[in-house]
Amino acid sequence: MKFSFFKDKTPPLIGVDISSTAIKMVELSDDGRGGYKLEGYSSAPLAKEAIVDGNVGDLEKVADAMKMAWKLLGSKQKRVALALPASAVITKKVLMNAGLREEDMEAQVEAEANQYIPFSLDEVNIDFQIIGSAPNNSDEVEVLIAASRKEKIEDRVGAAEGAGLKVAVMDVENYATEAAYSLVASQLPNSGREQTVLIVDIGASMMHINVLHNNKSVYTREQNFGGGQLTQEIQRRFGLSLEEAEIAKRKGGLPESYDSEVLQPFMQSLSMEVARALQFFTSSTQYNRIDHIVLAGGCAAIPAVDVAVQDRTQVNTIVANPFHSMAISTRLKQQQAAIDAPSLLIACGLAMRGLS
């Protein structure tokens with residue numbers, strides 16, 4: 001069965017990012033000048049074990065958090081775009097004859113998929129998209145095939161439906177990050193063209209690395225490191241519950257020793273992890289340098305984290321703000337939107353699917 005990872009333009013959608021600790025939503029509209037307007041965003045915490053290793057562990061809890069996030073968003077729109085983690089999707093680029101009819105291409109995609117997917121084809125959903133002409137042959141096109149097990153998609157769709165929402169698009173988190181990065185690229189010299197950019201999205205337990213060269217993804221990787229380590233250290237050091245530690249991390253109000261004893265060592269660890277990712281990339285690919293680092297995820301909101309990373313790596317580092325050149329609804333606080341922006345990269349990229 002086909003399920004669209006690469007859907008064409010659809011009416012406005014809410015972008016919904018299902019991370020391991022929260023449901024994040026972003027709603028955009030057309031600003032009438034070929035750009036985007038931020039209509040609203042929201043975040044609702046997820047119960048522990050609701051999402052395990054990127055999979056839905058407790059459908060009901062995920063649906064409840066989605067319902068809560070949608071209520072906080074205050075939108076009438078019920079059509080949503082969701083994404084699967086990259087680990088749940090098998091992708092492969094293949095070459096095909098440029099003149100093939102769509103149905104012949106579909107048949108060839110199935111034949112190709114049969115060779116490299118370790119499941120029977122009736123257990124998976126497959127989609128494909130023509131990327132463009134083959135690099136050295138104008139008679140061929142490059143085609144990207146994406147496949148995922150049906151149950152991974154059905155769990156996410158089921159949670160959304162449980163929250164009263166309708167799934168219009170199923171994307172892949174990496175592609176959503178790339179879409180939102182196109183809004184961040186304008187903050188870089190020459191809008192990131194002809195340059196190699198390391199995007200580091202720091203989640204609660206995982207660091208997602210996506211390297212783009214000339215604004216095209218050339219490398220992805222995950223590292224075991226995340227903001228959850230800071231929360232645990234706050235819990236341990238100050239005798240707080242998980243919820244209290246999470247709130248204190250965001251809102252402040254911790255003893256004076258917090259900055260020097262807990263936050264600074266965590267920022268050093270984070271900088272070292274980014275430096276490791278950078279080293280790993282340059283030593284295992286044909287690229288021998290990184291021109292810019294873009295930080296995203298909740299940890300990117302830590303004051304001066306970009307300075308710490310830049311000091312450690314000696315590479316120009318910025319914090320991702322996909323909203324920086326957008327018109328922003330008067331309902332929203334502009335300053336707060338800038339603080340929250342780095343953790344909304346995936347949700348923003350998904351919301352763009354309804355307008356781009």
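The values are calculated or read from the model by the stated rules, or taken from the named source; none is laboratory data. Keep in mind that what you see is a predicted model, and the values were worked out from it rather than measured. Note that we place each Cβ from the backbone using ideal geometry, even for glycine, and neighbour counts take in every protein chain shown.
So that you can scan it fast, the table gives a plain yes or no per residue for (1) in contact with a strand residue (DSSP E or B) (Cβ under 6 Å, 6 or more places away or on another chain); (2) buried (at least 18 other Cβ atoms within 10 Å of the Cβ); (3) over 19 Å from Asn288 (Cβ atoms):
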| position | (1), (2), (3) |
| --- | --- |
| Ser186 | no, no, yes |
| Ser191 | no, no, yes |
| Ile199 | yes, yes, no |
| Tyr219 | yes, no, no |
| Gln223 | yes, no, yes |
| Gln229 | no, no, yes |
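Only one of (1) polar (S, T, N, Q); (2) in contact with an Asp or Glu (Cβ under 6 Å, 6 or more places away or on another chain); (3) free of Cβ contacts under 8 Å to residues at least 12 places away in the same chain is not met by Ser75, so which one is it?
So Ser75 meets the others, but not (3).
Could you please find all residues in region 206-216 being surrounded by 16 or more Cβ atoms within 10 Å (Cβ to Cβ) and either among the polar types (S, T, N, Q) or within 14 Å of Pro342 (Cβ to Cβ) (or both)?
Within region 206-216, Met207, His208, Asn210, Asn215 meet the criteria.
Tally time: how many residues in region 262-298 are touching a residue at least 40 places away in the same chain (Cβ under 8 Å), part of a helix (DSSP H, G or I) and either within 24 Å of Gln336 (Cα to Cα) or under 23 Å from the mean Cα position of the chain (by Cα) (or both)?
13
Search region 272-287 for residues being more than 13 Å from Gln223 (Cα to Cα) and of a type in the set (Gly, Ala, Ser), and hand back the single one that is surrounded by the most Cβ atoms within 10 Å (Cβ to Cβ).
Among residues in region 272-287 that are more than 13 Å from Gln223 (Cα to Cα) and of a type in the set (Gly, Ala, Ser), the one surrounded by the most Cβ atoms within 10 Å (Cβ to Cβ) is Ser284.
Scan Lys71, Lys76, Lys24, Lys67 and give me the residue that is assigned to a strand (DSSP E or B) and either within 19 Å of Gly164 (Cα to Cα) or at pLDDT 95 or above (or both).
Sole residue among the options that is assigned to a strand (DSSP E or B) and either within 19 Å of Gly164 (Cα to Cα) or at pLDDT 95 or above (or both): Lys24.
For region 32-60, which residues satisfy the criterion of being under 24 Å from Ser329 (Cα atoms) and either part of a loop (DSSP other than H, G, I, E, B) or touching a Pro at 6+ places or on another chain (Cβ under 6 Å) (or both)?
Gly32, Arg33, Gly34, Gly35
Any residue at all in region 324-345 that's touching a strand residue (DSSP E or B) at 6+ places or on another chain (Cβ under 7 Å), modelled with pLDDT of 95 or more and part of a loop (DSSP other than H, G, I, E, B)?
Checked region 324-345: no residue is touching a strand residue (DSSP E or B) at 6+ places or on another chain (Cβ under 7 Å), modelled with pLDDT of 95 or more and part of a loop (DSSP other than H, G, I, E, B).
Looking at Ser87, Ser29, can you tell me which residue is outside any strand (DSSP E or B) and under 23 Å from Pro342 (Cβ atoms)?
So the residue among Ser87, Ser29 that is outside any strand (DSSP E or B) and under 23 Å from Pro342 (Cβ atoms) is Ser87.
Only residues that are within 15 Å of Val294 (Cβ to Cβ) and not acidic (Asp, Glu): list them for region 173-184, please.
Within region 173-184, Asn174, Ala176, Thr177, Ala179, Ala180, Tyr181, Ser182, Leu183, Val184 qualify.
Would you call Glu154 under 25 Å from His208 (Cα atoms), at pLDDT 90 or above and over 19 Å from the mean Cα position of the chain (by Cα)?
yes
Would you be able to say whether some residue in region 24-32 is surrounded by fewer than 16 Cβ atoms within 10 Å (Cβ to Cβ), out of contact with any helix residue (DSSP H, G or I) (no Cβ under 7 Å at 6 or more places or on another chain), on the phi < 0 side of the Ramachandran plot and free of Cβ contacts under 8 Å to residues at least 40 places away in the same chain?
no
Can you find a residue that is modelled with pLDDT of 90 or more, part of a helix (DSSP H, G or I), over 28 Å from Leu188 (Cβ atoms) and acidic (Asp, Glu) anywhere in region 250-257?
No: region 250-257 contains no residue that is modelled with pLDDT of 90 or more, part of a helix (DSSP H, G or I), over 28 Å from Leu188 (Cβ atoms) and acidic (Asp, Glu).
When you scan region 288-301, do you find a residue that is touching a strand residue (DSSP E or B) at 6+ places or on another chain (Cβ under 6 Å), on the phi < 0 side of the Ramachandran plot and of a type in the set (Gly, Ala, Ser), even just one?
Taking every residue of region 288-301 in turn, at least one turns out to be touching a strand residue (DSSP E or B) at 6+ places or on another chain (Cβ under 6 Å), on the phi < 0 side of the Ramachandran plot and of a type in the set (Gly, Ala, Ser).
Which one is surrounded by the fewest Cβ atoms within 10 Å (Cβ to Cβ), of the residues in region 58-106 that are of a type in the set (Gly, Ala, Ser) and under 21 Å from the mean Cα position of the chain (by Cα)?
Out of the qualifying residues, it is Ser87.
Restricting to region 112-138, and then to whatever is loosely packed, with under 11 Cβ neighbours inside 10 Å and not polar (S, T, N, Q), can you tell me which residue is farthest from Thr220 (Cα to Cα)?
Asp122
Can you name every residue in region 235-249 that is surrounded by 11 or more Cβ atoms within 10 Å (Cβ to Cβ) and of a type outside the set (A, V, I, L, M, F, W, C)?
Matches in region 235-249: Gln235, Arg236, Arg237, Glu243, Glu244, Glu246, Lys249.
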